[in-house]
Every structure is written in C-alpha cells, then in structure tokens.
Amino acid sequence: MGRISSLLLLLLFLARSAFAEDQSVYMKNGKIIHAEVVQQNSTKIFLRFQDGTIREINKSDIKKIRFKVTKPEKVAKPKEKEKKPIPVLKKKPERPPVKEIAKPSPAPEEQAVTSPIPEENTKQTPVPEEVPKQVISTPTPSPAPEETPKPTPTPLVEATPKPSPQSEAATPIISPATNEAPKSTIPEQKEKKEETRNLISERHGLEISFGLGRSSYQSQVANFQRGVEQYATSLGNTGGFLYSSPQYQSSLAKTINLRYSWKRFVADLGGNDFQSKEAAQNFGYIVYPVSGTSIFQNAFSLGAPYHSLYYKQAYAQASYTAYSNRLFELRPILGYQRIWQKGIDNSTIEASPKDPSNPSAFDWAIRNGTSFSDFLQGYSIGIAADSHWNEKWETRFEIQKQFLHGDSTFTRDQIATVLGLGFEARSTLTNQWKANGLTLSGKLIYHWKEDIFFWTGFQYTKIHYSLQNFGGDLTLSGGPVGAYVGQQLIENLTKGLAGNSVATGLFIGAGYNFDLKRPSSSQ
C-alpha cells in the first residue's frame, strides 16, 4: 500500500507541474516567490503556493510580477471560402458597360451575359447574401498576395446606369420629401406684393380713437412779454420789473383722432389739448408822484405761485399710399393746422414797502393780473410710415413741417392799493408773427379684437417764432416823439427775443374701427 500511495503522489505532482506554472513575484527586499496569483484588489494580491496555502501580500512590497506565458490557441478562420475572389471576375476582369444592359433589344450574346449564373458556378463560388447596390460598379484589381481579397459583387446587380454629367446638369433637383422641384423665390415675392396690393385695394374703414396722458408746454409769448418789459424797465423812467427764469410743471393731456381710409387714400381729423403750469418771480421798482416829486420805491413778488398754460391744436390732413410692401407703407401728407395758446395769472402780488428815510413814501401792494393769447394757422407737409406686425401689432409714425402765421396779445392789469385806496393801470401788447413748426408723433397699436384696439403714443411739437410787427401802448417817459423813438428802439431790440414754443405729450388710449367693407363681403 505504501508503494501505491507514493506512486499516486508522484503522478499528481507530475500532473501539476505539467499543467500549471507559477508566477514569479519579485519583492522589493530581493526575495523571489513562486506562486500563482488567484485574486487581487487595489492594495493587496493573493498568492496560492504549491502546498495549497493562500497568502496575501501588499502591492506596495512587490517590485514586479512575471506572469506565465500562455500560447494563443489557433482559431480556425471562419468561412475563408467566402473571402476568396469570385472566379468569374478573375476570368473576365472587364465587363461590358452597364449602358449596354439598358438597350431595348439586346443581342443574343448580351442576353447570355444577363442570364442567371448556372448552379455549378454558384456552388463553386458562393456570392455574398447582402451586397450594397452602390459598392462597386466596375471590377477592382486583384489584391496583393499577403492581403485577403474582398468579395466583389457581380456587376449584374446594378440595373440602372449611372447618368452622365450632361444629363445630371439637365435634370432638375427634386426634393425627396415632396417629390417636387423647389419653386423660385421670384414668384413668391410677386405673390407677397400682390397680396399687399389686395389688402390696400380692399381697405375701407372708419376709425375713432382717444387718449389721455401727461404733457409739458412752454410758451414763448409769455417769455417774449417778460423780455419786452425788462427792456422798457431799462430804457424808460417809469419803473418796471425784472424776471427770473420760469419754472414749469406737467399737467393733463388729451387727444382725439378720426381716421377714414379707402384703398390708398387716408384722411385724418383730430385735435390735441396740452396743459402745463408756470411760475416766475419778479423784482424791480415803482415810481409814483408825491407833491410834484417822483418817488422811486423797490418792489418784489411775494412767492411764485403756479398758473395754468394751455396749448390746443386742431388739424385736418390727407395722405396717399405712394409705396407699400408686406412690412410697411409710406404716405406723403398734406394738412392744415390751427393752434391756440393761452395763459392766465391772477395770483401774483408785488409788495413795495416805503422807504423809512422818506417820510412822504407809502406802503404799496400791487396785484398783477396777466394774460396772453396766441393764434396761429397754416399748412403742413410731411410723411407717414405705417408698419404691421402680423394681425395684432401696428406702428404709425408721422413727421410734418408746419408753415404758420398769426398774432398774439399780452395784457397786464395792475391793481395798486395805498392807504386803503387803490387805482388800476392796464397795458396791452399785440404782435404779429410768422412761425415754422416741426411735429413728430408716433403710435404703438395693439388690436385686441377685430374692432377694438389699444394704443400708446407721443407727440412733440416745436414752433419757432419770427416777429413781423410789434404793437402796443407801453407808457414811456417823454413826449410823443420820445415815446415813438423808444417804441421803435424796443421793437428793433426785441426782435431777437422771439423764441420757441415747445409742447410734448405722452398718451395711452383706446379706439374702435368700423369696417365699412363688411356688409358687401357678407352678401
């Protein structure tokens, strides 16, 4: 029995040495361990020794591991016969052109070529099952000896001939999705222009809109009068006042517009009402006679209360669509303008305390009631640009040049009180003007429904005055000749005082559109 067990152990040892080879693990301390790597992780490696024991060793202590070399198994090449070149192609590398296949009456020889391959040939040289149609249309040269030749499909698979460059140039490009040739952009542009023309030619409606907002207005009429008084104060000897720069406050603004449109013709009728407030302080002196002598006494305003200014405009204008496309239209404008300006101040009071060194002086209280009115009229020319964004949004811009003329009147009522008694003095100044105005307006319109719309907009007007005739009854010192000379001097000096009236308004409003073509379209 002992011999048999020894023999079995020897056979097991020989089998292990024959079928298993251990790796050589070289440690950093110089030792070499012969064992088999059975498992490892990121920090340790597990080795199985010949006696079957398993030990774990840190990878940081290992220098290198020489693994056993395994010979790669020979794997049979699958279906090498399929990769061999087709004998038919080798025997006949040059095939007749494909265009000969498409002939209406092929020759007998060509029919033989296009006939199916005999079964013997198909058995000897199998053809690949799936061959892309566009792979090879002409035979390829035989590959090098060391390379495996790729299978070349027979040209008989391609049934349609490749078109020549001349035919490609003559054939129109067809979209694969719609199977139609793309249309030219020129007909589309013509269609859009025709659509725009149809919309304008069918336009017929009446529109009414109104709006409220805030406005600011500065009148040159009041400023001109203040300048004239300052010249009279400096040149005359009867007293007068000097003025500080006026202060302004914005106020209410209102507007209304009626528009009639028929095809390319558009007519507008409307008006604007701008309001503002103004305040200006004054200081100067008064002269009054006492016992045959003239007493000069200082005077000044008590505070500077605000008073109202008004700017009203009425207009009628007509325009005609001279150019239009699908985005906007342009219309020249010819219009007629009338402008009224007005201001009233009944709250300014001047005080003139007496000079203590003059026992003949008195305390004065003077209330100045001033008012002015200005009227201008004339024609205007300009251009309008309207733009539509789809069916909801619309913008309208206008710019006009105004050629105006008219006159203005400034009146001052002075009511003075002294020792319980009083007197009133009145002066009036009337002037004639020529004026050039510039008006810029714009609207942004949102069509909420087919008939109702909301809008917001602005208007800016600037009128530059040029004095044509100066007239009034200013009281100047001296006789009639001296008064006339003084008046002519004031007129020549004050021509340069003519300034600008500026009115600005911001609005928000609503409107309604009456479609006059609707009854005819419903029939």
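Since every read-out is calculated from the coordinates, none of them should be taken as a lab result. For clarity, every value in this text was computed on a predicted model and none was experimentally measured. Because the Cβ atoms are built from the backbone with ideal geometry, glycine has one as well, and the counts that use them run over all protein chains shown.
If contacts are Cα pairs under 8 angstrom and at least 6 residues apart, what is the relative contact order of segment 228-278 in percent? All intermediate terms of the calculation are to be shown ahead of the outcome.
On the way: 59 pairs, mean separation 16.8, N = 51.
Relative contact order comes out at 33 percent.
Compared with the alpha-carbon gap, the fully stretched path from Thr53 to Phe265 is longer by 65.4 nm at 0.36 nm per residue.
Placing dummy labels 7 Å off each Cα toward the beta-carbon, the span from Ala385 to Ala304 is 4.0 nm.
The modelled label-to-label distance for the pair Gln468/Asp61, using points 7 Å beyond Cα in the direction of Cβ, is 11.9 nm. Straightening the chain between Trp448 and Phe397 buys 16.3 nm, computed as 0.36 nm per residue apart minus the Cα-Cα spacing.
Once both labels are positioned 7 Å from their Cα atoms along Cα-to-Cβ, the gap between Asp407 and Ser234 label points is 2.8 nm.
The packing ranking of peptides 497-505, 203-211, 445-453, highest mean first, is 497-505, 203-211, 445-453, where packing means the average number of other beta carbon atoms within 10 angstrom of each residue. For a paramagnetic label modelled on Arg426 (point 7 Å from Cα along Cα→Cβ), amide N atoms under 17 Å away belong, within segment 372-386, to 372-373. 3J(HN,Hα) couplings calculated from phi for segment 240-254 with the Karplus curve 6.51 cos²θ - 1.76 cosθ + 1.60 (θ = phi - 60°) are, in sequence order, x, 10, 10, 10, 8, 5, x, 10, 10, 9, 6, 8, 6, 10, 9 Hz; Gly and Pro show x. Here the extension length gained between Gln488 and Leu258 equals 78.1 nm, from 0.36 nm per residue of separation less the Cα-Cα distance. Could you list, in their original order, any pairs among Lys392/Lys517; Lys277/Lys354; Lys342/Lys495 whose Cα atoms are separated by more than 26 Å? Those over the limit are Lys277/Lys354.
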